[in-house]
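S.K.: I have a structure I would like to understand better, so I am pasting it below and will then ask my questions one at a time.
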Amino acid sequence: MWKQGWVLPVTIAWCALMTACGPTMPSSAALDGQWSGTTTQGTPITFTVSSDQKVTAITVGYSFSGCSGVQTFSNLNLETAPMVTCIPGPCPTPVSSYRAFNYSSGRIDGPITTINGLFTVTARAEGQVSFRDYPGCGTAAGIGWVATKR
């Protein structure tokens, strides 16, 4: 017969261990600066994060269906902090500390470029980019990318 007195201490120890060994979330202060990487197409991706944690510029290359080029988006002001409300608050650390961005440019009838990014650890980000309805090229969607802070 087991004693109920051990359940609470073991549960607390297990929770502490899981929290301590969980994924490292990026510190918002560590994100500012220049980031660069490569897409799964082998083309470059670069972006800039300002000191107030906003993505201010993105440049991404593309190469599909015989078309290639570079798209540059400047003068951006993209939030990286989550816009969530936890009820009841405050939000748990994994919810309030993740950082991501999303940007879409183009017309409803094309072409459209969409870029999504997630900062997975302090000096690494990854995401996907899609190029939709490019004249004479068609669409390349879900192209992965990985970038690191310079």
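S.K.: Scan the range 58-78 residue by residue and report those that are open to solvent by 80 Å² or more (accessible area, probe 1.4 Å) and either of a type in the set (A, V, I, L, M, F, W, C) or touching a Phe, Trp or Tyr at 6+ places or on another chain (Cβ under 7 Å) (or both).
M.R.: Scanning the range 58-78 gives SER68, VAL70.
S.K.: Working carefully through the options GLY61, GLY117, GLY89, find the one that is at negative phi, within 12 Å of the chain's Cα centre (by Cα) and of a type in the set (Gly, Ala, Ser).
M.R.: The conditions single out GLY117.
S.K.: Does ALA147 satisfy being of a type in the set (Gly, Ala, Ser), open to solvent by less than 50 Å² (accessible area, probe 1.4 Å) and touching a residue at least 60 places away in the same chain (Cβ under 8 Å)?
M.R.: It is true that ALA147 is of a type in the set (Gly, Ala, Ser), open to solvent by less than 50 Å² (accessible area, probe 1.4 Å) and touching a residue at least 60 places away in the same chain (Cβ under 8 Å).
S.K.: Name the residue that is farthest from VAL146 (Cα to Cα), counting only residues in the range 65-119 that are β-branched (Val, Ile, Thr) and assigned to a strand (DSSP E or B).
M.R.: Narrowing the range 65-119 to residues β-branched (Val, Ile, Thr): 70, 72, 80, 84-85, 87, 93, 95, 108, 112-115.
Still in the running and assigned to a strand (DSSP E or B): 70, 72, 112-115.
Numbers: VAL70: 17, THR72: 17, ILE112: 21, THR113: 17, THR114: 15, ILE115: 12 Å.
Ranking the candidates gives ILE112 first.
S.K.: Still on this model: Within the range 86-109, track down each residue that is surrounded by 13 or more Cβ atoms within 10 Å (Cβ to Cβ), free of Cβ contacts under 8 Å to residues at least 60 places away in the same chain and small (Gly, Ala, Ser).
M.R.: Those that are surrounded by 13 or more Cβ atoms within 10 Å (Cβ to Cβ), free of Cβ contacts under 8 Å to residues at least 60 places away in the same chain and small (Gly, Ala, Ser): SER96, ALA100, SER105, GLY106.
S.K.: So, of the residues in the range 113-142 that are at pLDDT 95 or above and β-branched (Val, Ile, Thr), which turns out to be nearest to THR43 (Cα to Cα)?
M.R.: Step by step, filter the range 113-142, then rank; the result is VAL129.
The values are calculated or read from the model by the stated rules, or taken from the named source; none is laboratory data. Keep in mind that this is a model prediction, so the values were computed, not measured. Don't worry about glycine lacking a Cβ; one is built from the backbone with ideal geometry, like all the others, and counts go over all protein chains shown. In case anyone asks, the SASA skips ligands and DNA or RNA and just uses the protein heavy atoms, side chains included. Shrake-Rupley method; radii C 1.70, N 1.55, O 1.52, S 1.80 Å.
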